[in-house]
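Inspection log for the structure reproduced underneath, given as structure tokens.
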Amino acid sequence: MPKSAACICKYADMPAYSAPRPSADDLLVLLAVGRSGRFVSAADELGLNHTTVSRRIAMLERTLGGRVLARAAGGWELTDLGRTALAAAESIESAVRSLAPSADGARPLEGVVRLSATDGFSAHIAAPAAAQMQRHHPGVTVEIVTATRRASQQRSGLDIEVVVGEPRLRRATAQHLGEYRLGLYGSRSYLDRHGSPATVADLAGHPLVYFIDSMLQVDDLDLAPSSVPPMRESVTSTNVFVHVEATRAAAGLGLLPCFMADRHSDLVRLLPDQLSLPLGYWLVTRTETLRRPEVSVLVEAINARMHEMRDALLGLPGPG
């Protein structure tokens, strides 16, 4: 056999070159970082230290030949390559979970879902929805962070955001949850002392309880006071529960969510036909996050709670 033919046969017997494959463990580390946006949180979840998490992400990036994470405000965000790798990691996680069915044969849900929402939504919509979900899925923990702000361009550390007003975002999906209304309220004691305004023009002589104007980041909430004449500020706060309690304490007239104010018999709604300001709640999440079953069941529970609360949210009178 010619020498050249022998060489060809020799190399034909050698295994074909294949690119290195990412480690399943490294992908699961990326999954934890991608969901929390933080190495420390991922390390706590996985029972590793921060250095190990950082090292595994670096190994994954070397294997894949590119960055899977990029620095963002307050944490880390997935790159395009990272989102592709995350989908593979979710498949691995799903396969592992399927090996541990519950007594009835179904896979139990577990994990942490982190949600950010306004104070009123958190207390009256998100918390009851989370409690309802937990009755069926006790292995899921829900962390609720209260904030009144625009939807974040970088959602590090959050699975779900609920904001007021339609958001304009990249790399996220926005779902309209429903509408709620603001009304103008006064306490019975305040109205006894100062009189009840008979027209919108009469409001100019009264103090207003509302958000701190210079700290308000939500356009729709910022525009709401334009529906009333200029009123001097009384007690202002970033927290809507403070608005309710200050109004009940006769600090002035409060521009309040109807579903919160109507719970208190000592508050009287003023000029409801002229002052009924519609606002919308929107739920924001990443597409890949919504694929997590524990996230999707919480979203379902939130939608159910919104439906249950519809009349209260719109300030409509209850039965009886």
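Quick notes on this one:
- Residue match in segment 8-18 (condition: modelled with pLDDT of 70 or more and not in a loop (DSSP other than H, G, I, E, B)): no
- Residue in segment 265-302 that is nearest to LEU169 (Cα to Cα), counting only those that are charged (D, E, K, R) and at pLDDT 95 or above: GLU300
- Selection status of GLY186, surrounded by 15 or more Cβ atoms within 10 Å (Cβ to Cβ) and either in contact (Cβ under 8 Å) with a residue 60 or more places away in the chain or farther than 21 Å from ALA123 by Cβ (or both): yes
- Scanning segment 20-49 for residues that are in contact with a Gly (Cβ under 8 Å, 6 or more places away or on another chain) and either in a loop (DSSP other than H, G, I, E, B) or closer than 17 Å to ARG114 by Cα (or both) turns up GLY34, SER36, GLY37, ARG38, SER41.
- Helices (runs of 4 or more DSSP H) completely within segment 113-229 that count 1 or more residues being more than 21 Å from ALA73 (Cβ to Cβ) and modelled with pLDDT of 90 or more: 127-136, 188-194
- In summary, MET59 fulfils each of the numbered conditions (1) assigned to a helix (DSSP H, G or I); (2) within 23 Å of ARG291 (Cβ to Cβ) with the single exception of condition (2).
- Per-region count, segment 251-267, residues more than 29 Å from the chain's Cα centre (by Cα), touching a residue at least 12 places away in the same chain (Cβ under 8 Å) and surrounded by fewer than 18 Cβ atoms within 10 Å (Cβ to Cβ): 1
- Segment 19-43, subset at pLDDT 85 or above and under 22 Å from the mean Cα position of the chain (by Cα), residue farthest from LEU78 (Cα to Cα): VAL40
- Against the test of being acidic (Asp, Glu) and under 30 Å from SER94 (Cβ atoms), the options GLU294, GLU245 yield a single qualifying residue, GLU294.
The values are calculated or read from the model by the stated rules, or taken from the named source; none is laboratory data. Note that this is a predicted model, so its numbers are computed, not measured. No Cβ is skipped: glycine too gets one built from the backbone with ideal geometry, and neighbour counts run over all protein chains shown.
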